[in-house]
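The values are calculated or read from the model by the stated rules, or taken from the named source; none is laboratory data. Just so you know, these numbers come straight off a predicted model, no measurement behind them. All Cβ positions, even for glycine, are placed from backbone atoms using ideal geometry, and neighbour counts span all protein chains on display. All accessible areas refer to the heavy atoms of the entire protein, side chains included, with ligands and DNA or RNA removed. Shrake-Rupley method; radii C 1.70, N 1.55, O 1.52, S 1.80 Å.
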Amino acid sequence: MKKIIISILVSLFMCGPAFGWGREGHETVAKIAENHLKPSVKKKIEKYLGGHSIVYVAKWMDDYRHTPEYKFTTNWHTAPVNEALEYQDSLLNPKKGNAVYGLEQAIDALENYKELSDSAVAVNIKYIVHLVGDMHCPAHVKYTTHNMKYDVYMPKSKTPLYVHSAWDYAIIQMCRICSSTEWAEELDNIDRKAAKAIVAGSPRDWMHDSAVRCEVQFDLAKPDQKLDQDFLNAAMPLIETQILYAGYRLAAVLNSLF
Ligand SMILES: [Zn+2]
């Protein structure tokens with residue numbers, strides 16, 4: 001009986017729904033963004049979030065996607081790209097939605113935030129904070145031209161791990177022990193000109209940029225590959241670039257809305 005329960009738990013862990021960056025990734029994206037919010041914007045947003053920061057609510061969408069009220073957002077955490085590595089409306093399943101769809105809807109809603117109820121403003125802020133993060137997670141770019149459903153072995157592990165989980169949290173947890181504040185401080189060290197280039201364009205351009213940069217994941221981690229330190233050394237700079245870019249872009253979206 002114990003064995004059956006363990007194997008059910010292991011299979012749930014391996015094949016469970018896509019949760020995006022783990023807590024570390026989402027909170028660090030939000031922390032970098034928070035560092036670049038205009039003071040007046042930060043104050044307004046925290047008022048709507050009941051005194052909490054965007055870091056505090058960064059993982060909220062993952063925590064509430066299973067509830068009847070937010071079940072409709074369950075597919076919003078990933079977004080597809082075509083063979084040109086671009087997101088297009090034709091890829092949208094309107095019944096399910098996706099990260100770009102959810103993000104664009106939330107941005108549209110908040111363009112007139114003064115006409116919304118406080119709770120509607122708060123939930124749309126939470127969508128934006130989370131979805132800008134998710135669309136920068138390598139495993140959350142859904143490539144229609146690559147098989148993404150396979151297992152790998154993390155260094156020193158004999159247990160197969162769904163490659164998606166490797167990119168979501170396992171690589172980060174093997175390589176970093178910082179708090180989100182410390183990690184944000186380490187990463188957030190680029191000059192103004194570089195920052196300006198990162199935030200140029202629209203969420204769809206950012207999705208394309210993510211898809212181009214993250215395509216290397218299929219060379220780095222192949223089906224059933226036993227990954228090693230060289231893999232971690234190559235994966236971490238990709239992850240850290242994605243987290244940094246997401247943070248700057250999130251700040252840009254929020255500064256433009258409030
Ligand atoms: Zn997510």
| query | Limited to the range 45-83, what total is found for residues that are away from the ligand (no atom under 16 Å from the Cβ) and either among the polar types (S, T, N, Q) or in contact (Cβ under 8 Å) with a residue 60 or more places away in the chain (or both)? | reply | 8
| Hits in the range 20-47 - residues which are open to solvent by less than 40 Å² (accessible area, probe 1.4 Å) and of a type in the set (S, T, Y) | T28
| message | If I filter the range 46-63 down to residues being part of a helix (DSSP H, G or I) and touching a Ser or Thr at 6+ places or on another chain (Cβ under 8 Å), which single residue comes out as nearest to A195 (Cα to Cα)? | response | E46
| Qualifying residue in the range 85-92 (condition: within 22 Å of L257 (Cα to Cα) and either within 16 Å of the ligand (Cβ to nearest atom) or touching a residue at least 24 places away in the same chain (Cβ under 8 Å) (or both)) | no
| note | Exception for K156 within (1) open to solvent by less than 60 Å² (accessible area, probe 1.4 Å); (2) closer than 30 Å to K222 by Cβ; (3) over 18 Å from the mean Cα position of the chain (by Cα) falls at (1)
| note | Among (1) touching a His at 6+ places or on another chain (Cβ under 6 Å); (2) without any contact (Cβ under 8 Å) to a residue 12 or more places away in the chain; (3) of a type in the set (A, V, I, L, M), V123 falls short only on (1)
| request: For K196, work out the one condition from (1) within 22 Å of D134 (Cα to Cα); (2) touching an Asp or Glu at 6+ places or on another chain (Cβ under 8 Å) it doesn't fulfil. | output: (2)
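When the range 214-248 is examined, which residues are found to be hydrophobic (A, V, I, L, M, F, W, C), in contact (Cβ under 8 Å) with a residue 40 or more places away in the chain and either surrounded by fewer than 16 Cβ atoms within 10 Å (Cβ to Cβ) or in a helix (DSSP H, G or I) (or both)? Show your work before the answer.
The first filter runs over the range 214-248 and keeps only residues hydrophobic (A, V, I, L, M, F, W, C), leaving 214, 216, 218, 220-221, 227, 231-232, 234-236, 238-239, 243-244, 246.
Retained after the next criterion (residues that are in contact (Cβ under 8 Å) with a residue 40 or more places away in the chain): 214, 218, 221, 227, 231-232, 235-236, 238-239, 243-244, 246.
Scanning the range 214-248 gives C214, F218, F231, L232, A235, M236, L238, I239, I243, L244, A246.
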| task | Would you check if there is a residue in the range 51-71 being of a type in the set (K, R), at pLDDT 95 or above and within 21 Å of S256 (Cβ to Cβ)? | result | no
| task | Starting from the range 197-213, take each residue that is free of Cβ contacts under 8 Å to residues at least 60 places away in the same chain and list its partners that are among the hydrophobic types (A, V, I, L, M, F, W, C), counting only C-beta distances under 8 angstrom and pairs at least six apart or across chains. | result | I198/I190; I198/L244; V199/A251; V199/A252; R213/L238
| message | Kindly evaluate K95 against the criterion of being without any contact (Cβ under 8 Å) to a residue 40 or more places away in the chain, open to solvent by 40 Å² or more (accessible area, probe 1.4 Å) and not in a helix (DSSP H, G or I). | response | yes
| query | How many of the residues making up the range 43-101 are within 28 Å of D209 (Cα to Cα) and of a type in the set (K, R)? | reply | 4
| task | Look at M174 and say whether it is surrounded by fewer than 21 Cβ atoms within 10 Å (Cβ to Cβ), over 21 Å from N255 (Cα atoms), among the hydrophobic types (A, V, I, L, M, F, W, C) and without any contact (Cβ under 8 Å) to a residue 24 or more places away in the chain. | result | no
| Which number in (1) within 16 Å of the ligand (Cβ to nearest atom); (2) surrounded by fewer than 23 Cβ atoms within 10 Å (Cβ to Cβ); (3) under 22 Å from D63 (Cβ atoms) marks the one condition that P203 misses? | (3)
